[in-house]
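The next block holds one structure in the form of structure tokens; read it before the comments.
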Amino acid sequence: MACTNCSTGSKDGTPRGCKSNGTCGTDSCNKLTVFDWLSNMSLPGGQAPFDCVEVRFKNGRKEFYRNSENITLSMGDIVATEASPGHDIGIVTLTGELVKIQMKKKGVENNGEVLKVYRKASQKDIDIWSAARNREEPMKVIAREIAIRLNLEMKISDIEFQGDASKATFYYTANDRVDFRQLIKDYAREFSIRIEMKQVGFRQEASRLGGIGSCGRELCCSTWLTDFRSVNTSAARYQQLSLNPQKLAGQCGKLKCCLNYELDTYLDALKELPDMETRLYTEKGDAFCQKIDIFKGLMWFAYTNDTGHWHVLEAESVKEIMALNRKKERVAALEEYVVETESTELIEKSFQNAVGQDSLTRFDAPKRKKKPGRNKDRGGKGEPAITADRPDKPVGQAPRQQGNRPKQHIKPRENKPAGENPVQAQPNQSPVQGQPKQNQNQNQNRPPRPEGSAPKGNTEGNPNNNKQRRNNNRRNKPPGDRNGSNDKK
């Protein structure tokens with residue numbers, strides 16, 4: 001938070017206005033501030049001003065002190081106050097009649113024992129106070145390491161030095177009781193200072209440390225909220241919120257304090273509506289309440305045998321049906337009381353490129369369709385697909401044109417005697433190895449083959465084939481004799 005005087009307006013980021021860097025006279029830059037709207041008003045009838053002042057210390061901690069010496073104090077003054085032992089340094093945040101109201105609000109008795117304000121802080125006091133404040137962060141790191149080494153289930157959340165640097169208060173959080181007697185001895189030996197341990201709750205820890213909430217603003221407990229009221233899950237149920245602990249929990253890990261802000265408004269609205277467990281009896285069947293819109297006064301009901309279809313009814317219609325059910329009368333159906341809700345129209349939304357480019361980028365352009373592959377057009381693996389107009393014609397085959405080679409007709413098989421091969425070789429076609437041997441009748445017209453000659457197409461044993469001849473000579477030689485007349489070295 002910041003006031004108008006301390007808001008940054010210059011180019012280098014330094015505060016403008018009072019130039020106090022967060023400790024201006026209005027004191028609206030700090031945590032848990034109170035605006036003194038009686039500061040410019042004089043007291044009637046020569047009444048003496050109230051003799052107590054409010055002093056703020058680190059992280060919004062405030063105490064009340066009595067100005068017994070009648071020192072002229074105003075908001076923002078740095079004063080030395082009474083402490084045990086020594087003195088402490090703080091900033092005056094409130095004076096006058098508003099201090100009496102604040103003391104009454106927090107339950108502090110004016111006639112009781114109230115600590116005193118010694119004097120305005122000198123420059124020496126401020127230097128000692130500033131040096132002690134600079135030691136807090138390095139000490140916190142070492143203090144946490146010592147606590148971990150002692151296997152203590154506690155967390156050191158903050159350290160606060162007294163103004164005269166004679167004592168340090170360690171704030172910690174823990175779920176159970178912690179025996180920190182050995183821890184205090186180690187701290188005193190390490191830091192050579194008087195140690196005081198103070199346990200705080202998780203909400204108090206969050207208020208001291210501060211932070212940003214899920215709403216985007218500073219935490220309420222660290223800016224203006226002074227009392228922590230208990231928050232239950234029933235507050236979320238009344239407001240019909242999702243019971244998700246991750247969304248309902250705040251920075252402290254507990255339920256958010258803001259769940260209580262609008263709870264009274266919801267409770268007042270729910271008084272005019274029937275209960276969530278309302279059950280309606282109709283001739284078509286029993287209906288149960290599924291959902292309630294509290295501020296619109298609408299309720300959604302569904303039949304027991306048809307839970308997927310909901311009927312929207314007004315609260316007055318539901319009360320009318322309930323009155324008939326108390327008289328042991330049933331209505332025909334809920335459809336007679338259904339409210340016609342406005343149909344949601346689909347609105348086309350045009351989104352512009354975040355970079356400012358109106359043209360499509362490579363991410364926005366539609367993907368190109370791949371051409372259908374050969375296998376996709378087939379009915380199965382290796383089988384051509386059959387079209388509707390030509391059942392006997394595969395897809396992708398061009399029709400025959402005039403002048404192409406005519407289709408050869410196969411003669412029907414003739415009945416031949418057993419032992420004859422029905423397949424005849426063409427006149428210019430040589431038999432291939434692996435096919436059945438031809439019959440003698442087929443070779444009658446051929447001239448006789450000379451002895452020792454290989455058939456045409458068979459390379460084995462052909463004397464005209466030099467390569468085959470050399471390979472045969474190598475096979476016939478005994479092992480060890482690799483030099484032949486026809487071998488090449």
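Miscellaneous remarks
- For the stretch 142-184, the set of GluC sites (Glu not before Pro) satisfying both a DSSP loop assignment and a count of at most 11 other C-beta atoms within 10 Å is given as GLU153.
- The charge dipole of the stretch 132-245, taken about its Cα centre with unit charges on the Cβ atoms of Lys, Arg (+1), Asp and Glu (-1) only, comes to about 120 debye.
- Couplings 3J(HN,Hα) for the stretch 171-180, derived from phi with the Karplus relation 6.51 cos²θ - 1.76 cosθ + 1.60 (θ = phi - 60°), are 9, 9, 10, 7, 7, 10, 5, 10, 8, 10 Hz, where x marks Gly and Pro.
- Three-way shape call for the stretch 167-260 based on the alpha-carbon gyration tensor, with the a/c threshold at 1.5: prolate
- Cα-Cα over 30 Å, subset of LYS116/LYS185; LYS58/LYS254; LYS247/LYS284: LYS116/LYS185; LYS247/LYS284
- Taking amide H as placed 1.01 Å from N in the peptide plane, the amide H of LYS291 sits under 5 Å from that of TRP300, each at least 5 places away or on another chain.
- Taking amide H as placed 1.01 Å from N in the peptide plane, ASP286 has its amide H under 5 Å from the amide H of THR304, each at least 5 places away in sequence or on another chain.
- Note that the stretch 247-264 has calculated 3J(HN,Hα) couplings of 8, 8, 8, x, 5, 7, x, 9, 5, 5, 5, 6, 5, 8, 5, 9, 5, 5 Hz, one per residue in order, obtained from phi through the Karplus relation 6.51 cos²θ - 1.76 cosθ + 1.60 (θ = phi - 60°); glycine and proline are x.
- Furthest towards positive pole of dipole, PHE50, GLY76, GLY107, structure part the stretch 50-118, Cβ charges: GLY107
- Sparsely packed trypsin sites (Lys or Arg not before Pro) within the stretch 127-180, loop by DSSP, other Cβ within 10 Å at most 11: ARG177
- Three-way shape label, the stretch 50-118, alpha-carbon gyration tensor, a/c 1.5: rounded
- Amide H partners (placed H, <5 Å) of LYS167, local residues excluded: GLN162
Each reported figure results from applying straightforward, stated rules to the coordinates on display, with no laboratory input. Not measured: the values here are computed from a predicted model. All Cβ positions, glycine included, derive from the backbone under ideal geometry; neighbour counts span all protein chains shown.
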